[in-house]
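Some notes on the structure that comes next.
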Amino acid sequence: MKQQISFSSYAVIGTMLFGLFFGAGNLIFPIQMGQLAGTDFWPALIGFLVTAIGLPFIGILAFGLSGNNGLRDLAGRVHPLFGLVFSMALYLTIGPFFAIPRTATVPFVVGFEPFMNPEHTSVFLAVFSFLFFAIVYYFSLNPAKIIDYIGKYLTPAFLVFLFLLIAVAIFKPMGSFEQPVGDYNKLAFITGFREGYNTMDALASLAFGIVVINAIKGLGITDKKEIAKATWKSGIFAMALMMLIYALITYMGASSVTAIGTFDNGGLIFAAVAQHYFGPFGSILLAVIIVLACLKTSIGLITSCSEFFQTIFPKLSYKSFVLVLCLVSFMIANFGLNNIIQFAVPVLMLLYPLAIVLIILTLCSPLFGHKQSVYAVSMFLTFCVSLVDGYSTLAGSLPGATVSLFESWKGLYEHYLPFYHLGLGWMIPAAIGMVVGYFWPKATKEKH
């Protein structure tokens, strides 16, 4: 059995991994951050890279080193019930409830809606999303070929179009950087750090980890150490490519204010930049970039979610889940991008700290002997904070959703919990949980 693979194979797997992660959200968030950060470009970018690059990379690495067979198995280190509930919540979040519908609505809103009569928008969104998910359904039916679809074809095509736009912006800058706006004025790093949450990539890394592992096994690698090595090398390739593109897109946004002005979201900024350089052709170029970016990500998400839910409900076939997930995503996509984002952010504020702590615990697991109590106590205290964070975000967008108990809880955190006002209040409780769990008198059965 072959136990070594060539650099070209690492590159193909890395390109596939990049393609799975890098969707439309990865395009629109850094370009808007660049406009808002202005002269504080570098600290904002570094903060963004920590959550948008660093966390997904260590998530993939943790998966490769853990030897687990899926997210449920990995999260089961906390408790089997937690493993089931958390993995289902995460897959539904990056799957049919939020991320997959967004892959259809973003390209429609950015690439097509500006040219349509507002009265007919809902009809055209229904037609576009139906065709979009029909294509996704077709390519998702054979998960064994995902490395070919995404790694060899869709991602290179996407990169060619994207670098054409970026190259022009680099060699023919639109203007100089403006002064930072809002939170970027004094908290550029932390604001960029939180902005990286919106990519959902740290969550996705826990789902895509098994896709990468299976792709490596498909190349003939079966030894655990070699799988971890291949995961590390492929991850480095993918994340280096993402880091380069993030930096260039952020620069493009930071230098664009003088020429095109400011906009409410990154999609409109991208559209204005494309129009500035290429005129009407720029709109076509942008539409191609966005559709390819979303198509490849949607295929990866449908594939991962279908394989996961089949393990939970084995009586239903993989193809049945592909069909159901495409249909549900199609229906939710037609509620519109703004509604999807409004309800996604509170869920992200709830799940992201849990995902981050789980990734860190997995990497550090050998240091505390894989004790279940460390996982359980740390994750419980993290949840106590992230639950209130999720509630606060939801109450902020839906004032009628306030609950007195959670309001009191929130008040205590604001007064006594360090870093809470920065959105990082979960850090100290998570660290305390690790220490308490390590010295827990009744250590539970270890799980490797």
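The values are calculated or read from the model by the stated rules, or taken from the named source; none is laboratory data. Keep in mind the model is a prediction, meaning the values are calculated, not measured. So basically every Cβ, Gly included, is an ideal-geometry build from the backbone, and we count neighbours across all protein chains shown.
Figures for the structure shown
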| quantity | calculated |
| --- | --- |
| Matching residues, the stretch 328-352, being part of a helix (DSSP H, G or I), over 18 Å from Gly425 (Cβ atoms) and touching a residue at least 12 places away in the same chain (Cβ under 8 Å) | Val328, Ser329, Phe330, Ile332, Ala333, Leu337, Ile340, Ile341, Gln342, Phe343, Ala344 |
| 1 or more residues touching an Asp or Glu at 6+ places or on another chain (Cβ under 9 Å), more than 22 Å from Phe63 (Cα to Cα) and in the same structural domain as Ile58 (by TED's automatic domain parsing): qualifying helices (runs of 4 or more DSSP H) within the stretch 360-448 | none |
| Matching residues in the stretch 414-426 - criterion: being under 27 Å from the mean Cα position of the chain (by Cα) and either touching a residue at least 24 places away in the same chain (Cβ under 8 Å) or under 25 Å from Ile340 (Cα atoms) (or both) | Tyr420, Leu422, Gly423, Leu424, Gly425, Trp426 |
| Failed item, numbered, when Thr297 is tested on (1) crowded, with 17+ Cβ neighbours inside 10 Å; (2) farther than 30 Å from Val85 by Cα; (3) of a type in the set (Val, Ile, Thr) | (2) |
| Odd one out for Gly266, checked against (1) at pLDDT below 90; (2) farther than 16 Å from Gly38 by Cα | (2) |
| Residue count, the stretch 173-215 (criterion: among the charged types (D, E, K, R) and either farther than 17 Å from Gln35 by Cα or crowded, with 18+ Cβ neighbours inside 10 Å (or both)) | 3 |
| Out of Leu27, Leu49, Leu90, Leu131, sole residue that is among the hydrophobic types (A, V, I, L, M, F, W, C), surrounded by fewer than 24 Cβ atoms within 10 Å (Cβ to Cβ), assigned to a helix (DSSP H, G or I) and touching a residue at least 60 places away in the same chain (Cβ under 8 Å) | Leu49 |
| Hits in the stretch 277-297 (condition: among the hydroxyl-bearing types (Ser, Thr, Tyr) and either more than 10 Å from Gly19 (Cα to Cα) or outside the structural domain of Leu203 (by TED's automatic domain parsing) (or both)) | Tyr277, Ser283 |
| Sole exception among (1) under 17 Å from the mean Cα position of the chain (by Cα); (2) surrounded by fewer than 19 Cβ atoms within 10 Å (Cβ to Cβ); (3) among the polar types (S, T, N, Q) for Thr258, by number | (1) |
| Failed item in (1) charged (D, E, K, R); (2) part of a helix (DSSP H, G or I); (3) in contact with a helix residue (DSSP H, G or I) (Cβ under 8 Å, 6 or more places away or on another chain), with Glu178 passing the rest | (2) |
| Check on Ile245, under 30 Å from Gly175 (Cα atoms) and out of contact with any helix residue (DSSP H, G or I) (no Cβ under 6 Å at 6 or more places or on another chain) | yes |
| Qualifying residue in the stretch 236-245 (condition: surrounded by fewer than 19 Cβ atoms within 10 Å (Cβ to Cβ), at positive phi and either touching a strand residue (DSSP E or B) at 6+ places or on another chain (Cβ under 8 Å) or of a type outside the set (Lys, Arg) (or both)) | no |
| The lone exception for Ala202 - which of (1) at pLDDT below 85; (2) under 17 Å from the mean Cα position of the chain (by Cα); (3) not polar (S, T, N, Q) it fails | (1) |
| Answer from Asp201, Asp223 - the residue that is acidic (Asp, Glu) and farther than 18 Å from Gly14 by Cβ | Asp223 |
| Test for Thr15: is it more than 22 Å from Ile166 (Cα to Cα), within 18 Å of the chain's Cα centre (by Cα) and of a type in the set (S, T, N, Q) | no |
| Candidates Ala376, Ala355, filtered to the one that is under 19 Å from Ile428 (Cβ atoms) and touching a His at 6+ places or on another chain (Cβ under 9 Å) | Ala376 |
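Quick grid of which residues meet (1) aromatic (Phe, Trp, Tyr); (2) over 15 Å from Leu361 (Cα atoms); (3) under 18 Å from the mean Cα position of the chain (by Cα):
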| position | (1), (2), (3) |
| --- | --- |
| Ile53 | no, yes, yes |
| Phe63 | yes, no, yes |
| Asp73 | no, no, no |
| Arg77 | no, no, no |
| Ala89 | no, yes, yes |
| Ile94 | no, yes, yes |
